[in-house]
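What follows is one structure encoded as structure tokens, with my remarks underneath.
The values are calculated or read from the model by the stated rules, or taken from the named source; none is laboratory data. A quick note: this is a predicted structure, and the numbers were derived from the prediction, not measured. Here the Cβ positions follow ideal geometry from the backbone for every residue, glycine too, while neighbour counts run over all protein chains shown.
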Amino acid sequence: MKACVFVANNEPMVVEEVTLDAPGDHEIHVKWKASGVCHSDLSIWEGKLPLPPGSILGHEGAGVVISAGANNAGIEAGDHVVGTFVPFCGECFYCRNGESYVCEKSQEIGMGRMPFHRADGSVLFGAIGGLATFAEESVVHEGALVKIPKDIALEEACLIGCGVTTGVGAVLNAAKVSQGSTVAVIGCGGVGQSVIQGARVAGAEKIVAIDLNEAKRAAASKFGATHSVDPSVEDPIQFVQGLTEGRGADFAFEVVGTAQLQRQAYDMTRPGGKCCLVGVAGMADEISLPSGMLTLLSKQVIGTIYGNSVVRDDFVRFVELAKSGDLMLADMVSQRIGIDDINDAFVAMTEGDVIRSVVIYD
Ligand SMILES: NC(=O)c1ccc[n+]([C@@H]2O[C@H](COP(=O)([O-])OP(=O)(O)OC[C@H]3O[C@@H](n4cnc5c(N)ncnc54)[C@H](O)[C@@H]3O)[C@@H](O)[C@H]2O)c1
Ligand SMILES: [Zn+2]
Ligand SMILES: [Zn+2]
């Protein structure tokens, strides 16, 4: 079977024939049907996120189970599944505390196995959560998959594997956006548009989409944004203050991944409001905040991985929201591509109007 191999930072990924181990106990063999291309894949490829080459990227996948070892997830052949990029053990302090999104075993579970074999005898792992959704098939831990209903298209369901759960979860689970509130969103890619959709579902009254790209701003209005700002033309902080009698947003989300924009999100948050950091900046980057005023203005700064989602419950909840039409997933798929086109999809992500490229497998 084919896999798109991440061979070196900033060098084109190479599509190769690889073989795959059979699943053992607590493992599942999945045939991916669709995989979104997320900015986090690009960040790893660029070396911004420290995960090594000699791996297969892709972590936003949906597929069909080919075979399953004995497992506690109730997963069997023929089931439809979505991969979780934070695989969970179900037993550690965090999993028992309803915080599986920070499971202490997730790295070990995800990267502890090298099930892919290349023609030269070397082995490969799935870089994020062990998922390797840029391969046609994968063998993953039972805690890396969630069974979903069969009456949702897999090319839409795959988006729940990262962008949708991250963005909608950030709104509903992490920030807990309230009805009638004003929400500002910096960065309107696949994750930012999901924040906007989540804010609409939460009943926010004003939703401000901030993005340099005109097409992203236009798309945002379809997903629920009531206002938009081009930050190269207008100061987004002043714009948000102008909408709120000078106060600032009740909730501001940074969904690009730079320390400078994280600070911008903080500055556009009103006193007593929440500044929610979703974008992932470089591991050596630091954010500076006005120390005294952070306390005196009672602002809350919160980070969130995977939208603080408990995937076994939240994936199914987001599938239901998609089926009812509250979450518009089909409209987020800007282009369907083949496995040979993933390098081009990285370029389109930064230079094009694409919200999500989705790899479609036969
Ligand atoms: N916290 C998590 O669990 C989690 C999960 C997935 C992705 N992420 C991170 O979220 C971020 C967004 O991911 P994505 O897949 O949506 O990326 P994307 O590339 O699709 O979107 C980023 C958007 O930011 C816009 N942008 C760039 N510079 C800007 C600026 N100065 N002002 C306003 N907008 C600007 C771009 O035009 C683009 O629309 C990345 O940092 C990614 O690593 C975090
Ligand atoms: Zn992602
Ligand atoms: Zn755990």
Margin query: Given the condition of a type in the set (Gly, Ala, Ser), in a loop (DSSP other than H, G, I, E, B), within 16 Å of ligand 3 (Cβ to nearest atom) and in contact (Cβ under 8 Å) with a residue 40 or more places away in the chain, answer yes or no: does some residue in region 249-266 qualify?
Written below: no
Note to self: If I filter region 90-121 down to residues being touching a strand residue (DSSP E or B) at 6+ places or on another chain (Cβ under 9 Å) and not in a helix (DSSP H, G or I), which single residue comes out as modelled with the lowest pLDDT?
What the structure shows: GLY112
Next item on the list: List every residue pair whose Cβ atoms sit under 6 Å apart, with the two residues 6 or more apart in sequence or on different chains, where the first one lies in region 82-107 and is in contact (Cβ under 8 Å) with a residue 12 or more places away in the chain and closer than 26 Å to VAL65 by Cβ and the second, anywhere, is within 9 Å of ligand 3 (Cβ to nearest atom) and charged (D, E, K, R).
Entry: CYS89/LYS105; CYS92/GLU104; CYS92/LYS105
Notebook entry, point to check: Is there any pair linking a residue in region 172-195 that is closer than 29 Å to SER35 by Cβ to one that is polar (S, T, N, Q) and part of a helix (DSSP H, G or I), with Cβ under 7 Å and at least six apart or on different chains, and which?
Noted result: ASN173/ASN308; ALA174/ASN308; ILE186/GLN264; VAL191/THR166; SER194/THR166
Checklist line | Residue count, region 52-74 (criterion: surrounded by 19 or more Cβ atoms within 10 Å (Cβ to Cβ), away from ligand 3 (no atom under 16 Å from the Cβ) and of a type in the set (A, V, I, L, M)) | finding: 5
Check: Going by the structure shown, is GLU60 closer than 27 Å to PHE318 by Cα, away from ligand 1 (no atom under 14 Å from the Cβ) and assigned by TED's automatic domain parsing to the domain that holds GLU142?
Finding: no
Next item on the list: Please verify whether region 94-101 includes one or more residues that are away from ligand 3 (no atom under 16 Å from the Cβ), in the same structural domain as THR350 (by TED's automatic domain parsing) and crowded, with 22+ Cβ neighbours inside 10 Å.
Entry: no
Item checked: Odd one out for ILE339 among (1) farther than 20 Å from GLY167 by Cα; (2) out of contact with any strand residue (DSSP E or B) (no Cβ under 9 Å at 6 or more places or on another chain) -> (2)
Checklist line | Test: residue in region 125-146 that is over 18 Å from the mean Cα position of the chain (by Cα) and at pLDDT below 95 | finding: yes
Item checked: Test: ALA220 is more than 16 Å from ligand 2 (Cβ to nearest atom), in contact with a strand residue (DSSP E or B) (Cβ under 8 Å, 6 or more places away or on another chain), at pLDDT 95 or above and farther than 14 Å from VAL354 by Cα -> no
Next item on the list: Could you please let me know if THR133 is outside any loop (DSSP other than H, G, I, E, B), under 21 Å from SER194 (Cβ atoms) and touching a Gly at 6+ places or on another chain (Cβ under 6 Å)?
Entry: no
Check: Which of the following residues is farther than 20 Å from ARG317 by Cβ, crowded, with 24+ Cβ neighbours inside 10 Å and within 16 Å of ligand 2 (Cβ to nearest atom): THR182, THR165, THR133?
Finding: THR133
Notebook entry, point to check: Does region 45-54 include one or more residues that are assigned by TED's automatic domain parsing to the domain that holds ILE355, over 19 Å from the mean Cα position of the chain (by Cα) and in a strand (DSSP E or B)?
Noted result: no
Check: In region 250-259, is there at least one residue being in the same structural domain as GLU205 (by TED's automatic domain parsing) and more than 18 Å from ALA170 (Cα to Cα)?
Finding: yes
Checklist line | Hits in region 53-91 - residues which are away from ligand 2 (no atom under 16 Å from the Cβ) and touching a Cys at 6+ places or on another chain (Cβ under 6 Å) | finding: PHE88, CYS89
